[in-house]
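Novice: One structure coming up, written as structure tokens, with questions to follow.
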Amino acid sequence: MAMTADHIRATLAAYLDACPEDKERLACLSALLDDSAADLTSRKEFRGHVTAGTVLADPADRVLHIHHLALGRWLLPGGHLEPGDTSLPAAALRELTEETGIPGSAVVPVGRRPDWGRVGVPTPATWNPAASHTATAEANTLPPNSARKQARWNFA
């Protein structure tokens, strides 16, 4: 079953219960969730759409970053939701594996809820909140860099 606005709404509600100080910052996401014409799972929703990512730390407290070729910047692994994604954590894990080659079996989730942040290329018309999930993995789980993607561990 594809991810629904109800899943995103429930994830956001759980986050806001724990972090009520972020309610104003995430009001735009809440408003889009209330708009029945908005599809926050689609990158074609230009008013804003949800993305998913992972904050992956190793035992030395380094955080994994991916070099985004189009932006020329180092970012956390993550990206757009796909039609087959069933939950935000599953989408975050899929993106991590796609971008790094690290298998889901090598990742240990930490915490129970995502952190909601703003990612992507901010423009007046684009607001892409990311549900970032925290996990740990051994540093040696990272395959060698490919010509398509570069990854590196950085101290936080």
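The values are calculated or read from the model by the stated rules, or taken from the named source; none is laboratory data. This one's a predicted model, so the numbers in the text were calculated from it and none came from an experiment. Heads up, the Cβs are rebuilt from the backbone with ideal geometry, glycines too, and the neighbour counts pull from every protein chain shown. What goes into the accessible areas is simple: the full protein's heavy atoms, side chains included, and nothing from ligands, DNA or RNA. Shrake-Rupley method; radii C 1.70, N 1.55, O 1.52, S 1.80 Å.
Novice: Would you mind classifying segment 64-110 by shape? Square roots of the alpha carbon gyration tensor eigenvalues, ordered a ≥ b ≥ c; an a/c under 1.5 is rounded, otherwise it is prolate if a/b is larger than b/c and oblate if not.
Specialist: oblate
Novice: Quick one: which residues, 5 or more positions from VAL55 or on another chain, have an amide H under 5 Å from its amide H? H modelled 1.01 Å from N in the peptide plane, none for Pro or chain starts.
Specialist: Close amide H contacts, sequence-distant or interchain: HIS133, THR134, ALA135.
Novice: Here's another thing I want to ask about it. Compute the FRET efficiency between MET1 and LYS23 as 1/(1 + (r/R0)^6), taking r as their Cβ-Cβ distance and R0 = 35 Å, and round to the nearest 0.05.
Specialist: Working from the Cβ atoms, E equals 0.75.
Novice: Here is a follow-up. For CYS28, CYS19, give me the order by solvent-accessible area with a 1.4 Å probe, most accessible first, ignoring ligands, DNA and RNA.
Specialist: CYS28, CYS19
Novice: Follow-up question, since we're still on this one. Estimate the FRET efficiency between ASP35 and HIS67 by the formula 1/(1 + (r/R0)^6), using the beta-carbon distance for r and 30 Å for R0, to the nearest 0.05.
Specialist: Result of the calculation: an efficiency of 0.30.
Novice: Determine the distance separating the Cα centre of segment 92-113 from the Cα centre of segment 36-87; give it in Å without decimals.
Specialist: 12 Å
Novice: Continuing with the same structure: Could you state the angle between the C-alpha long axis of helix 5-18 and the longest principal axis of the C-alpha atoms of the chain, as a value from 0 to 90 degrees rounded to the nearest 10?
Specialist: Computed tilt is about 80 degrees.
Novice: Next question, about the same structure. Suppose a student asked you for the relative contact order of the chain, using Cα pairs under 8 Å spaced at least 6 residues apart; what percent would you report?
Specialist: Relative contact order here is 29 percent.
Novice: What translational diffusion coefficient, in µm²/s and rounded to a whole number, does the Stokes-Einstein relation yield for the chain at 25 °C and a viscosity of 0.890 mPa s, taking the hydrodynamic radius as the Kirkwood radius over Cα pairs?
Specialist: Once the numbers are plugged in, D ends up at 153 µm²/s.
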